[in-house]
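Asks: First the structure, then my questions, so here it is.
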Amino acid sequence: MTHPALLALLAAPLCSAANLGPLATTSPSQEGAATPVEASAPQAGQEPASQPGPIPLMTMGMGDLTKGPVHPKDAALVRALGWLDERLAELPSELGRDLPRELQPAFEADSIPVWLRLLTAQKRFAISALGAPPQRGQMPFLMSVAVDEASDEAAARYEGALKGLLQRMQAPFPMEMIQREGSALQVNMGAELAPMGHTRAAQMLGSEQPSFEMEMNVGGYLRFVQGMMMDSGAPYEAMVVFDVLSRMGLDNAVIEVASSGDGTTSQTASILTGIGGRMKAAGILPEGGLTAAHLAPVPADATWASVQRMDMEAVFDAINALAGEYMKEQMGDSADIAETVKGLIGIDLRSGLFGALGDTYGMYASESTGGGGISSTVLFFSLRDSEALLETKEQLEEVLNGIAAGETDGYVNIRSWTRGDDEYTTVMFPGLPIPFEPTMAMGENWLVIAATPQAAMGAMDQIAGSGPSLATKPSVARIVADGTKSGVSFMDGEHFAREGYGLTSMMFSSVSNGVRSRMDAMRDPGPVMPVYHVFQDGIQDTVGYSELQGDDLITRQTSDGSIVVQTAILTGFMTEYGTFILLPAVLAAGAPQFMRNF
């Protein structure tokens, strides 16, 4: 599934095309937003201007892994990991002479707890870019890291243990860089560290100690990378990318993410700042949010789904305006994408395609469209003008068939057919055993694109009212009840956990075997993975939504709180869809040779 915040990050900034300007050298204001900075040479008799301060790029924090509630299904995993220190302490004797002398202190019995604490303790990171070009040999960015302990005394003990270990290893690391401030052990190289729980995303979750927290200054990254490319003499074409991204409005965007859990449910919140007003002004986000009617095309047996409200014509107009203004500035002559394409192939992209699409789109896979796997995947759009889109489809079909006839000797063909009142179009490969028949279907109010004709027919049956929709699920119904959410996402936890259970069991068997002792039979964690009927009992779905609040795009998501269950869900998803990610590359590499054989 595509994360709603990512969709907005890609699409929403385009709406700033009406207010274009060159990429400015910027520095963060007191609120963290970027403001232009004009650089000028000092006049005679004047003091040189002070160098701008560092530009914050990212802060990140991870909670203490040894604290917090443990889900009952994770109890065996936690017990197994508790023996990790004993197992690591056995490695020096097993490795024998194969272990380099300089690494031997790292595996001594009193060294293992030091490394494990470094791994499990609460940690905070910060990265900032230099506000001025780096001097020769100087790093272009600053970093800081902190390890937080429960008390000043605990931090002092850990400081002594860590420095002692590094000295025994003769590590080329200046010990004075490790400084203790209260209960925190820090390596501060100029980037400002932030306390845990400082982001608004964490405050939305009501958590002062989230398990994960991040704040990313997108505009700062753009300026940092652009400055690096300028200093390295990058080609003009590469610099244009950053100029365009700035014009799109990303130079002021900030992303915040935070996660926390209570031992039963995991929660995640994200905030994308700096684009909400632009999206509204450009009409990209329609008035009103999703309702049950917008979710009607998605079957209740969907294994995953993502539905968004976004005006496609407004998105196209924003892209077109951005391209036109940029071409006018760079070449003295503006360009209209719609007019250019219409002149080439006779198709009006604005009125015949993007203007014909409505303001709701989504993507899902379901049992009723093909078993819930890759072949059941469906993309759908609401329609504003089905007649205009049908005319465009017929024009495009004629153009593509003409190209296919000349380039593929008839092995690729686009054919239209009808089923009831719906119009279908399928890409076929006559005479070739290619296992794909991508199909588009169009009715009066909806357009669907599917991997197979069967999936397209199932999707149109759902639109016709053949079964209940995703909105009948209580967790989804609660989200769309108030009609304010611009996006909804769903993943069937039980389905994907079932698909991933076998491989996940094998994965956690490696954990059990890894911590067992050859000599101490009592050190045996037993099976880490719960028996299946216990494992599948009460698995929670992953449900999320996005909502515009002022200038912020807010995203909230809840999911099952078990690490074991979440691992199985991810494994199940990758089992079904992982190979699909590589499929385009495989087809692209093999297609030329395949076609030469005919």
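The values are calculated or read from the model by the stated rules, or taken from the named source; none is laboratory data. Note that the structure is predicted; figures quoted are calculated from it, not measured. A quick note on method: Cβ atoms are made from the backbone with ideal geometry, for glycine too, and the neighbour counts reach across all protein chains shown. Surface areas here come from the heavy atoms of the whole protein model, side chains and all, with no ligands, DNA or RNA. Shrake-Rupley method; radii C 1.70, N 1.55, O 1.52, S 1.80 Å.
Asks: For His198, His533, what's the largest-to-smallest order of accessible area, 1.4 Å probe?
Replies: Largest accessible area first, the list is His533, His198.
Asks: Another question, then. By a straight-distance test (C-alpha under 30 Å), which lysines pair with Lys163 as possible cross-link partners, with residues fewer than eight away in the same chain excluded?
Replies: Partners found: Lys67, Lys123.
Asks: Probe radius 1.4 Å, ligands and nucleic acids left out: which of Leu119, Leu344, Leu295 has the largest accessible area, and how do the rest follow?
Replies: The ranking, largest first, comes out as Leu344, Leu119, Leu295.
Asks: Working with all protein chains in place, sort Met230, Met204, Met519, Met196 by solvent-accessible area computed with a 1.4 Å probe, largest first.
Replies: Met519, Met230, Met204, Met196
Asks: Heavy atoms of the protein only, probe of 1.4 Å, neighbouring chains included. What is the accessible area of Tyr545 in Å², nearest 10?
Replies: Spelled out: Tyr545, probe radius 1.4 Å, area about 50 Å².
Asks: Which of the aspartates and glutamates could a cross-linker bridge to Lys473, judged by Cα under 19 Å and excluding same-chain residues fewer than eight apart?
Replies: Within the straight-line limit of under 19 Å, Lys473 reaches these aspartates and glutamates: Asp301, Glu367, Asp482, Asp492, Glu494, Asp537, Asp541, Asp560.
Asks: Excluding residues fewer than 8 places away in the same chain, name every one of the aspartates and glutamates whose C-alpha is closer than 18 Å to that of Lys485.
Replies: Glu287, Asp311, Asp359, Glu547, Asp551, Asp552
Asks: What FRET efficiency do you get for Ala132 and Ala109 if R0 is 51 Å and r is their Cβ-Cβ distance, rounded to the nearest 0.05?
Replies: It comes to 0.60.
Asks: To continue, here is another question. So, with a 1.4 angstrom probe, what is the percent of accessible area on the range 162-205 that is carbon and sulfur?
Replies: Accessible surface attributable to carbon and sulfur in the range 162-205 totals 51 percent.
Asks: The range 249-320: percent of C-alpha pairs farther apart than 15 Å?
Replies: Tail fraction, whole percent: 71.
Asks: Going 7 Å from the Cα of Ile374 along its beta-carbon direction, which residues of the range 394-431 have the amide nitrogen within less than 16 Å of the resulting point?
Replies: Nothing falls inside the zone, counting backbone N under 16 Å.
Asks: Still on this structure: Just to check I understand the Karplus step: with θ = phi - 60° and J = 6.51 cos²θ - 1.76 cosθ + 1.60, what whole-Hz values come out for the range 269-286, glycine and proline as x?
Replies: 3J(HN,Hα) across the range 269-286, in whole Hz: 10, 9, 10, 10, 9, x, 10, x, x, 5, 4, 5, 4, 7, x, 5, 9, x.
Asks: For the range 356-436, with all protein chains present and a 1.4 Å probe, just round the carbon and sulfur fraction of the accessible area to a whole percent.
Replies: 54 percent
Asks: Now a separate question. Let me check I have the definition right: for the range 352-403, take the eigenvalues of the Cα gyration tensor, multiply each by 5, take square roots. What are those semi-axes in whole Å, largest first?
Replies: The answer is 26, 17, 7 Å, longest axis first.
Asks: A follow-up question, please. With labels modelled as points extended 7 Å from the Cα through the Cβ direction, what inter-label distance (nm, one decimal) is found for Ala404 paired with Val225?
Replies: It works out to 3.7 nm between the two label points.
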